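Report on the structure given below.
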Amino acid sequence: MDHAPGFLRAVAAVRSQVREIDVAAMREALADGRATVIDVREDSEWAAGHVPGARHIGRGVLERDIERLVPDPATPLVLYCGGGYRSVLAADALQRMGYRDVASMVGGWRAYVLAGGPVVVPPTTP
């Protein structure tokens, strides 16, 4: 996907303030229960497939809804999106809200699928 220059500048401006982890580290954190994994993609992206065990809060409502889903700001969180850009912005926003252990998965969903991670695809209704 070709990203707009302004969007890329916004991501670059906060990327150094966000911890990024790779797919293997995210899978380990999820498997051993060390982190809550949150998919910040759009509803349609989530419905097309997602990481097993991940929770979904779309980027557009993340700041509004996160405290209901994860009330403890000390909870370790790993965020992912489609390519690792929106999740950087989302991680920065959560850090500004007081969440202290937030990471973004490098490469997002595309990197996860390329790495052969298991996928949940919800059934479609006729």
Between Arg110 and Ala74, take the C-beta separation as r, use R0 = 35 Å, and let me know the FRET efficiency to the nearest 0.05.
0.70
For the chain, what % of the accessible area comes from carbon and sulfur atoms, probe 1.4 Å?
55
List the residues of segment 70-114 whose backbone N lies under 15 Å from a point placed 7 Å from the Cα of Ser16 along the Cα-to-Cβ direction.
none
Highest average packing first - 79-92, 9-22, 104-117, 43-56, Cβ atoms within 10 Å:
79-92, 104-117, 43-56, 9-22
Thr75, Thr124, reordered so the largest accessible area comes first (probe 1.4 Å)
Thr124, Thr75
Amide N of segment 3-24 lying under 20 Å from the label point, which is placed 7 angstrom from the Cα of Glu63 along Cα→Cβ:
6-19
To the nearest 500 deg cm²/dmol, what mean residue ellipticity at 222 nm is calculated for the chain from DSSP H runs of n ≥ 4 alone, each contributing -39,500 (n - 2.57), summed and divided by the residues?
-11500 deg cm²/dmol
For a paramagnetic label modelled at 7 Å from the Cα of Arg55 toward its Cβ, which residues of segment 97-126 fall within the zone defined by backbone nitrogen distances under 17 Å?
97-105
Got a sec to turn the phi values of segment 38-48 into Karplus ³J(HN,Hα) couplings, 6.51 cos²θ - 1.76 cosθ + 1.60 with θ = phi - 60°, whole Hz, x for Gly and Pro?
10, 8, 9, 6, 5, 3, 5, 5, 4, 5, 6
Given a 1.4 angstrom probe, what's the average accessible area per residue across segment 10-126, in square angstrom?
50
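The values are calculated or read from the model by the stated rules, or taken from the named source; none is laboratory data. Here the structure is a predicted model, which means the values were calculated and not measured. Positions of Cβ are backbone-derived with ideal geometry, glycine not excepted, and every protein chain shown enters the neighbour counts. For the accessible areas, the whole protein counts, side chains as well, though only heavy atoms, and no ligand, DNA or RNA atoms are used. Shrake-Rupley method; radii C 1.70, N 1.55, O 1.52, S 1.80 Å.
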